[in-house]
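Read through the structure below, which is laid out as C-alpha cells, and then see the notes.
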Amino acid sequence: MKLAPVDYFILSLYFAFVLGIGWLARRRVSTSSDFLTSGRSVPVWITSLAFIAANLGAQEVIGMCASGAKYGIMTAHFYWIGAIPAMLFAGLFMMPFYYGSRARSVPEYLKLRFDEKTRTLNAVTFAVMTIFSSGISMYALGLLFELVLGWSFTASVLLSALIVLIYTFLGGLSSAIYNEVLQFFLIVLGFAPLSILALRRSGGWNGMAARIPAVMTHSWSHVRHASENPMGVEVFGLVAGLGFVLSFGYWCTDFLVVQRAMAADSMSAARRTPIIAAFPKMVMPFIVIVPGIVAVALSQMSLGYAIPHKADGAFDYDQVLTTLMAQFYPSGMLGVGLTALMASFMSGMAGNVTAFNTVWTYDLYQGHIRKHAPDSHYLLVARVTTIAGVALSVATAYLASHFNNIMDFLQLVFGFVNAPLFATFLLGMFWRRATGHGAFAGLLAGTAAAAATHGLTLAEGKGGWLGAVIQTFPSTMAQNFWIAIFAWSACFAVTLLASLLSPSKPEGELRNLVYGLTDIPHDRALAWYQRPVFLAVVVVVLLVALNLLFW
Amino acid sequence: MTDLRAAIGMFFAVIGLILTAAGMVLPGRAPLENANVNLYCGAAMLAFGAVMLWLAGRGRRSG
C-alpha cells in the first residue's frame, strides 16, 4: 500500500487536533480529581460516546473485521448479546451504587463495600492487566503498519505513544474523553464508507450472501450444536458464557469503561451513559464486522482480490481490513481510513492509561504508600504515573515482539482472574450479608476454578495440563466460555458460603453501597425521553429486531 | 473550554474540504471502485462538520 502526500497531510492534521484538544483541556485541571475523574462534570452525550470509544481499540477493530471474515455475522454476538444486555444492566442497576457511593474507582467501591484486601487484589490485577493490554495493542499496531506501509516498528510505536502521552499528560481524563469523542466519529466516518462500497461491489447483502456459506450470514440458526458453525460454540455456552459471565464481567466491572460513566455530571447522566452508548454499539457490527464478511465474497468473484496469506500458508485475517481499504479507497480517503485506524488505537490506549492512572494513584499509592498527603501531591503523582504508564506500555510492546509465548500465558492468567469478578459485584451490590472475607475467598476460588477448568479440558491443543482430560472442546472460544461459566459459579457459591460464616458489616457502613440501603434515584423529574428505563426499553426492542433480522 | 462540538466540526469540515478538493482535482481511483469516493465522502464529512459547527453556534447563543 502506498500513501500519497495528501494522506500524510490528513494524518498530521489529526495529530494536531488531538494535541490541540489536550491543550484546551489542560485549563480544566487544578486538582487531582479534575485530572483523574474529570471532576464529575462531563455532559452525557460526551461520556456515552467515550464509553464505547475507549473499548473500540485498534485490536478490536482489526480483530472484529478478521473474525467477520473467519466466522461471519455470528461475530456480532460480541456486540449484541455479548455487550448490550450488560450495558443496560450497568446503567439501570449498578450505576446507582458506583456513582452514589462517591467512590473514585471500581476498586475503591470494593474497599468501601468489602475491605482493603479485596480492593487491593482487584486494583493490582487491573493495573497490571491494563498496562499489558495497552502494550499488546501497541505491538499489534506497530506490526501492522510495518507490514502494510513499511513504516518502522519503533517509529510508529514511539510516535503514537508520544502523542497519547502528551494529551493525557496535559488534560488527564477530560482530555482522553474529549479526544475519544473525536476518535469515535473518525472511526465511524472512516470505516463506514468501506463497508458500503465493498457491499455494493459484491452485489449488496443478497449478492454477498449468495457467494458464501449460509452460516456466515445467520447469527442464531447454526448454534444448536457446536459442529454446525465455525466458532465451535453451542447456544448454552454462547448465552451463559459470553452473554452473561464474560459480558457482564467486562461492561459492569471493568474500570476502563465504568470510569467514563463515573465522570458524568449527574447521577442520571451516569446511568444514561451506558444506555445511550448501546445505540451506536448495536450498529457497530455493520461498520467493523461486515467488511470482513464481504471480503470472503469478494475473494470468490475473480476480481483479483484474495484474503492475504501468512508465510505458513494459513489465512492472515488481521490484514483483511487494510487490504480492503487499499482496494476501495483512493489517496485522500485512504489517509482518512488509516487515520481512523490510528484513532482507534489511540482511544484504546488513552483509555488504558487513564484507568491505570486513577487506580495506581488512588487505590495503590494513596491506599498503601502515602495515605494523607495534600491534594497537590497526588496530582503530581498522577502526572508522573501518566509518563510511567506510557513507558511501561511501550516496554510491554517490545516484550511482546520478542516473547510472544509470555504474552499468551499472561492473557490466559488474566482471563482466569477476570472471569469470576461479576459474581463478587452482583452479591456485593444486591445482598447486604456478603462480607469482605466472602468476596476475597470467592475471587480466589473463582480464579482457581478457571485454571482447573483449563487444566482439565482440551481445545485446539490448548489446556489439559493437569494430566486428565475430562472434556474436549471444538474451539478455544467454546473452552473460554465454559471456563467463565465455572469460574463465575465457583465464585458465587464460595462467596455465599464464606459470607455466611463470617461477620457482616453493620448496616450504617453499607449506606449507598448495597441495594435496600441506597436511595434509588427517581426519574420523575426527567423528561420521558431522558429516563433510563424508557431508553433501555427502546434499546431492547431494537436489539430483538436486529437479532430477528439476522437470525 | 471551547465547545467540543466546535473542535469536532472544524476537524471534519477541514478534512471534508481536502477530500472534496482531492476528488475534483486528483484523477485517482481505487483498484476496485469506479466512483469518485473522495468527492462523495468529502461532501458527507463537510456536511457533518457543518452540522456540528451549527450546533456549537446554537449552544453558544443560548448560553
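Using the Cβ of residue A:354 as centre and a radius below 15 Å, the other residues enclosed give a net charge of +2, where K and R count +1 and D and E count -1. As a length-normalised measure over Cα pairs under 8 Å and 6 or more apart, the relative contact order of chain B settles at 49 percent.
Per the Debye calculation on chain A with a single equal scatterer at every Cα and no solvent contribution, log₁₀ I(q)/I(0) for q = 0.05, 0.06, 0.07, 0.08 Å⁻¹ amounts to -0.19, -0.28, -0.39, -0.51. Any lysines with Cα under 21 Å of the residue A:505 Cα? List them, leaving off those in the same chain fewer than 8 positions away. Leaving aside lysines fewer than 8 places away in the same chain, those within reach of residue A:505 are A:111, A:117.
Below 14 angstrom from the Cβ of residue A:144, what's the summed charge of the other residues (Lys, Arg +1; Asp, Glu -1)? Once positives and negatives cancel, what remains is -3.
Which value, in debye to the nearest 20, describes the size of the charge dipole of chain A about its Cα centre when Lys and Arg Cβ atoms bear +1, Asp and Glu Cβ atoms bear -1, and nothing else is charged? For this selection, approximately 920 debye. Counted as membrane-span-like here are DSSP H helices of chain A whose alpha-carbon atoms extend 15 Å or more along the helix's own axis and whose Kyte-Doolittle mean is 1.0 or above; these are A:5-25, A:116-149, A:153-201, A:333-358, A:476-501, A:532-549. In order along the range A:92-97, the phi-based Karplus estimate (6.51 cos²θ - 1.76 cosθ + 1.60, θ = phi - 60°) of 3J(HN,Hα) comes to 6, 10, 9, 4, x, 7 Hz; Gly and Pro are listed as x. A helix-only calculation puts chain A at -22000 deg cm²/dmol for mean residue ellipticity at 222 nm, using -39500 (n - 2.57) for each DSSP H run of at least four residues, averaged over all residues. Mean separation of Cα pairs under 8 Å and 6 or more residues apart, divided by the residue count, gives chain A a relative contact order of 28 percent. Near residue A:103: Cβ cut-off under 12 Å, other residues only, Lys/Arg at +1 and Asp/Glu at -1. The net charge is +4.
Arranged from fewest to most other beta-carbon atoms within 10 Å of their beta carbon, A:408, A:115 become A:408, A:115.
The mean number of partner chain beta-carbon atoms within 10 angstrom of a residue's beta-carbon across peptide A:544-551 is 0. Ordered by the number of other Cβ atoms lying within 10 Å of each residue's own Cβ, fewest first, A:252, A:65 fall into the sequence A:252, A:65. The fewest-to-most ranking of B:52, A:301 by surrounding Cβ atoms within 10 Å reads A:301, B:52.
For residue A:459, the amide hydrogen comes within under 5 Å of the amide hydrogens of A:473, counting only partners 5 or more places away or on other chains and with H modelled in the peptide plane.
Can you tell me which lysines have their Cα less than 29 Å from the Cα of residue A:281? Leave out same-chain residues fewer than eight positions away. Cα-Cα hits under 29 Å: A:70. Within the straight-line cut-off of under 22 Å between alpha carbons, the lysines reachable from residue A:2 are A:310, sequence neighbours fewer than 8 places apart in one chain being disregarded.
Bear in mind that the values in this text are calculations on the coordinates, not laboratory data. This is a predicted model, so every value here is computed, not measured. Backbone-built Cβ (ideal geometry, glycine too); neighbour counts: all protein chains shown.
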